[in-house]
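A.B. asks: Structure in structure tokens, see below.
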Amino acid sequence: MTTSRSIIRGINTSEAFKIISKDIVLPGSMESIENKAKTILERSIDPKDSPKADESNGLLYGLIQSGKTSIITITTALATDNGFDFILILTSDINLLYEQTKERIKEALRGVQVLGKDDCRDKNRFETVIKNTPFVIVCSKNVNRLNDLYDTLRALRYPRQFATLIIDDEADQASLNTYTNKGNGEISRINAVISNLRRFFPLNTYLQVTATPQALFLQSPNHRYRPSFTVLSDPGEGYIGGNDFFGEKEHHNFLRDVNINEVNLLQSTNQPSPTVDVPEGLKKALIAFIVGATIKEIKNGGGNYSFLCHVSMKRLNHNIIVVAINRYIQTLIDAFKDENSSKYRDVLSRISAAYADFKSTEGNLPSIEDVIIRIRFFVGGTNVKEINSETSEEIKLEALYNIFVGGNKLGRGVTIKNLIVSYYGRNPKKPNSDTVLQHARMYGYRQKNRGVTRLFLPEQLANNYKEIHHMEVALRELVNKHPEGKFEGLYISSPLNATRGNVLDPETIGMYMGGKYYNPRFPLRKESAKQITEWFDNKLQLYDDKLPFHITSIDMIKELILKSESDSEFDSELWNKKNLVTALDAYKSIKGKDFNTAYIRVKRNRGLETPRRETQGIHDSDEIKEVPKDAPVLFLHRINESKNGIAAWWPMLLFPEGNYIFAFSFRDAS
């Protein structure tokens, strides 16, 4: 694989650049998109200078709703200008998302044939089209559509010679083998056919695209679905994301607390025809949305705005909530008809509270009287829609107030235009961090509506999002340091899971847990290690072993860990120096850029002679009690020379206490 070469901008890229730039007007954004696309092509196979069989496996790692599709489009255009014969784009099986992707690619690549998922069924037309390379196919990740494409390509045979770029959007979702954890060799159908397509083209680059790559990074080393290079996509100006909602500065102007018990009121019951009333938190959210949308309408005119209610994946619940919200909207309509009623006074009180709340974030508010007049006029046209796999409704903004209720279909990959208020209540017992992060539809380029943006959710779920944001920051910083080669692991904050367990091999996953210690099974005591022992003796000569600990830095204990050597005769899985250093980097990142504190505990004249388990420890019973628990501690025990070998230093690392795990894949599955 060629790692660095000149990538040209041909006519296809220039034309795509013109089309995309119509919607991206922020300074420097298009240049950044093109630079990321060029980096991807530089790290892909070189179609003009590769052997007959060559492949690479990369990742475009973006943020939720940060413009990954634009990078995909420009990457596709560049690929057609730089020698690729065939670009296959795999996208969502949700028809709405598939059509959006296909139309965007078609619009941008007007000089290239772009085929859809149904076009391969007409084999004569298909063969005619693909004789004129380059060409593009956009196919949904539906097993029947993928098999149709694979069978057609196999029947024609000669496409095997095509230099191919496969772009797999949301690659962590449906593309991995969902039977991995069974360990019996069984392969899920979509993973099997994608693997077949990759094998069919000996000369190919497979580019995974996602904002949640946890499942990809936890595949075993050298796995075909674990990226060997990563390109980070950073958002442009005007993006509102995890740092704005849940970052260290805690911009809690966006967050509004909801009692978690009320979320249960919105769940289905065993009654034949369950009904619920809109609970207090949801009422506040709906009124905030109506007031916020009205403020923007008065200030800007002609806009339509969105509200998202996401509390359940069950379709029955969606219907119950839609019915309840429609009843509440009718209550508002009725209240405005009778200004002497208690309902009207309650509505005015709620509108006034929401209006006062927006004073802290949205400048130059219109008068509250004007807001009330406009709400009275517009509320009757409120559009409430249920969006899930059983409905044919589209996410269209057909009124000033558009309220969308749903679950998974309103999660991954969906962009909800002008979303200003969200009510979130998904609360599984053991949430997967990648799934929860994909629910963050409130992220995106929403700067113009920043002042009226609100997120209503229980404190417990807000804390989950905060931890996920910290995990994401740490992961991106580590990837930024190690863009080439295998990435070693990722930080997980308990009680969260990194990802769903069915795509991971439990036999290859190792974990470092907060408050736990890890050591090599036995240090290297051969003559060849004499210089290492002498190096440690000199390095640690000022460390008094009568003191319970010495304050030092994480950088220092990383150096000591990397210098240590363990005996290769004893299997080592958890004591992996590279993984340990990466875990320490992740912890350092989580604590903040200025954090670098660690401790060293030194003990000399030890008579240890027996190998130990990697979690058994080499300390005396009271030593753990004597060291601080707020930063990493490296224990270093000097073993005396004996008939079994030279003197050596035996390390043990104690991770700081806390609800976190650092997970990594330590070996290939057998």
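Read-outs throughout are calculated quantities, based only on the coordinates presented, and are distinct from any laboratory measurement. Note that the structure is a prediction, hence the values are computed from the model and not measured. Glycine also receives a Cβ, built like all others from the backbone with ideal geometry; neighbour counts cover every protein chain displayed.
A.B. asks: Add -39500 (n - 2.57) for each DSSP H run of 4 or more in the chain, then divide by its residues: what number comes out at 222 nm, to the nearest 500 deg cm²/dmol?
C.D. replies: Values: 21 runs with 247 residues, N = 670.
Only helices count here, giving -11500 deg cm²/dmol.
A.B. asks: Right, next: Rg(Cα) of the chain divided by 2.2 N^0.38 Å? Please list the in-between numbers first.
C.D. replies: Values: Rg = 28.6 Å, N = 670, 2.2 N^0.38 = 26.1 Å.
Here the answer is 1.10, to two decimals.
A.B. asks: Something else now. Which links in K18/K106; K68/K359; K558/K603 stretch past 24 Å when you go from one Cα to the other?
C.D. replies: Values: K18/K106 14 Å; K68/K359 34 Å; K558/K603 19 Å.
Cα-Cα > 24 Å for K68/K359; rest within.
A.B. asks: Which whole number in µm²/s is D for the range 11-232 by Stokes-Einstein, with the Kirkwood Rh taken over Cα pairs at 10 °C and 1.306 mPa s?
C.D. replies: Values: Rh = 17.6 Å.
The Stokes-Einstein estimate is 90 µm²/s.
A.B. asks: Now, a different point. Note the direction-averaged projected area, equal to a quarter of the hull surface, for the Cα convex hull of the range 331-432, in nm². Present the calculation step by step, with values, prior to reporting the outcome.
C.D. replies: On the way: hull surface 37.5 nm².
Dividing the Cα hull surface by four gives the mean projection, 9.4 nm².
A.B. asks: Another one. Would you mind getting me the FRET efficiency between M313 and K625? Use the beta-carbon distance for r and R0 = 45 Å, nearest 0.05.
C.D. replies: On the way: r = 46 Å, r/R0 = 1.03.
Here the calculated transfer efficiency is 0.45.
A.B. asks: Relative to the first principal axis of the alpha-carbon coordinates of the chain, what is the inclination of helix 143-156, with its axis defined by its Cα atoms, in degrees from 0 to 90 and to the nearest 10?
C.D. replies: Helix 143-156 and the main axis of the chain meet at about 70 degrees.
A.B. asks: Given R₀ = 60 Å, what would the calculated FRET efficiency be for D571 paired with F200, taking r from the Cβ atoms and rounding to 0.05? Kindly include the intermediate steps, with their values, before the conclusion.
C.D. replies: Numbers: r = 38 Å, r/R0 = 0.64.
Efficiency, rounded to the nearest 0.05: 0.95.
A.B. asks: For the range 239-469, what does the alpha-carbon gyration tensor say about shape, rounded, prolate or oblate, given a ≥ b ≥ c as the root eigenvalues, a/c under 1.5 as rounded, and a/b over b/c as prolate? Can you show the working numbers first?
C.D. replies: On the way: a/c = 1.56, a/b = 1.16, b/c = 1.34.
Because a/c hits 1.5 or more and a/b fails to exceed b/c, the range 239-469 counts as oblate.
A.B. asks: Work out the length of the dipole vector of the range 239-469 about its Cα centre, built from +1 on the beta-carbon of each Lys and Arg and -1 on the beta-carbon of each Asp and Glu, and round it to the nearest 20 debye.
C.D. replies: Numbers: 30 positive and 24 negative charges, 72 e Å.
Dipole about the Cα centre, nearest 20: 340 debye.
A.B. asks: Let me test this: with uniform point scatterers at the alpha carbons of the range 608-664, what is the Debye-based log₁₀ I(q)/I(0) at q = 0.24, 0.25 1/Å?
C.D. replies: Treating every Cα as an identical point scatterer, log10 I(q)/I(0) equals -1.09, -1.15.
A.B. asks: Once the other residues with Cβ under 14 Å from the Cβ of E623 are scored (Lys, Arg +1; Asp, Glu -1), what is the net sum? Present the calculation step by step, with values, prior to reporting the outcome.
C.D. replies: On the way: positive: K546, R601, K603, R604, R606, K625, K629; negative: D545, D620, D622, E626.
Every neighbour counted, the sum reads +3.
A.B. asks: For a Förster distance of 30 Å, can you work out the FRET efficiency between the beta-carbons of D23 and L232, rounded to the nearest 0.05? It would help to have the intermediate numbers written out before the result.
C.D. replies: Details: r = 22 Å, r/R0 = 0.75.
FRET efficiency, D23 to L232: 0.85.
A.B. asks: Okay, moving on. Sorted from largest down, what three extents in whole angstroms do the Cα atoms of the range 110-223 have along their principal axes?
C.D. replies: 43, 28, 23
A.B. asks: Quick check for me: using +1 on Lys/Arg Cβ and -1 on Asp/Glu Cβ, what's the dipole size of the range 508-562 about its Cα centre, in debye to the nearest 20? Intermediate results must be reported in sequence, preceding the final value.
C.D. replies: Numbers: 8 positive and 7 negative charges, 59 e Å.
Charge dipole of the range 508-562: 280 debye, to the nearest 20.
A.B. asks: Sticking with this structure for a sec: Net charge around G183, counting only other residues with Cβ within less than 11 Å of its Cβ (Lys, Arg = +1; Asp, Glu = -1)?
C.D. replies: Numbers: positive: K182; negative: E186, D505, E507.
The answer is -2.
A.B. asks: Can you give the extra length, in nm with one decimal, that the chain gains between N35 and K48 once fully stretched, where that is 0.36 nm per residue apart less the Cα-Cα distance? Before the final figure, lay out the partial values.
C.D. replies: Working: separation 13, 0.36 × 13 = 4.68 nm, distance 2.08 nm.
Computed gain between N35 and K48 is 2.6 nm.
A.B. asks: Give the peptides 316-322, 58-64, 623-629 in descending order of average Cβ contacts within 10 Å, highest first. Could the numbers behind the result be given before it?
C.D. replies: Details: 316-322: 21.0, 58-64: 24.6, 623-629: 15.1.
The densest-packed peptide leads the list: 58-64, 316-322, 623-629.
A.B. asks: State to the nearest 20 debye the size of the charge dipole of the chain about its Cα centre, where the only charges are +1 on K and R beta carbons and -1 on D and E beta carbons. All intermediate terms of the calculation are to be shown ahead of the outcome.
C.D. replies: Working: 89 positive and 82 negative charges, 135 e Å.
About 640 debye.
A.B. asks: Identify, among I64, G111, S233, the residue whose Cα sits farthest towards the positive end of the charge dipole of the chain, taking +1 on the Cβ of Lys and Arg and -1 on the Cβ of Asp and Glu, with the dipole about the Cα centre.
C.D. replies: G111
A.B. asks: May I ask you to list the lysines whose Cα is less than 18 Å away from that of K526, ignoring any residue fewer than eight positions away on the same chain?
C.D. replies: Within the straight-line limit of under 18 Å, K526 reaches these lysines: K563, K643.
A.B. asks: Given labels modelled 7 Å from the Cα in the Cβ direction, how far is it in nm from E393 to T597?
C.D. replies: A separation of 5.2 nm, rounded to one decimal place.
A.B. asks: Can you tell me the orientation of helix 554-563 relative to the chain, as the angle in degrees between its alpha-carbon axis and the longest Cα principal axis, to the nearest 10?
C.D. replies: 50 degrees
A.B. asks: Please list 336-342, 295-301, 309-315, 496-502 highest first by mean number of surrounding beta-carbon atoms within 10 Å per residue. Provide the component values of the computation, followed by the final result.
C.D. replies: Numbers: 336-342: 11.1, 295-301: 16.3, 309-315: 21.0, 496-502: 19.4.
So the order, starting with the most tightly packed, is 309-315, 496-502, 295-301, 336-342.
A.B. asks: If you count the DSSP beta bridges with both ends in the chain, what percent of them are antiparallel, to the nearest 5?
C.D. replies: Details: 27 of 87 bridges.
Roughly 30 percent of the DSSP beta bridges within the chain come out antiparallel.
A.B. asks: Cross-link candidates for K448: which aspartates and glutamates have Cα within less than 17 Å, leaving aside residues fewer than 8 places away along the same chain?
C.D. replies: By straight Cα distance, K448 reaches D23, E237, D244, E297, E362.
A.B. asks: Give me the aspartates and glutamates in straight-line cross-link reach of K131: C-alpha distance below 15 Å, same-chain residues under 8 apart excluded.
C.D. replies: Excluding near neighbours in sequence, the set is D85, D119, D122.
A.B. asks: Taking the Cα atoms only, what angle lies between the long axis of helix 530-539 and the longest principal axis of the chain, rounded to 10 degrees?
C.D. replies: Roughly 70 degrees, rounded to the nearest 10.
A.B. asks: Using 7 Å Cα-to-Cβ label points, what is the N264/D545 separation (nm, one decimal)?
C.D. replies: A separation of 5.7 nm, rounded to one decimal place.
A.B. asks: Another question, then. So for the range 501-665, considering every pair of alpha-carbon atoms, how many percent are separated by more than 30 Å? Don't skip to the end; give the middle numbers.
C.D. replies: Numbers: 1906 of 13530 pairs.
Within the range 501-665, distances greater than 30 Å cover 14 percent of Cα pairs.
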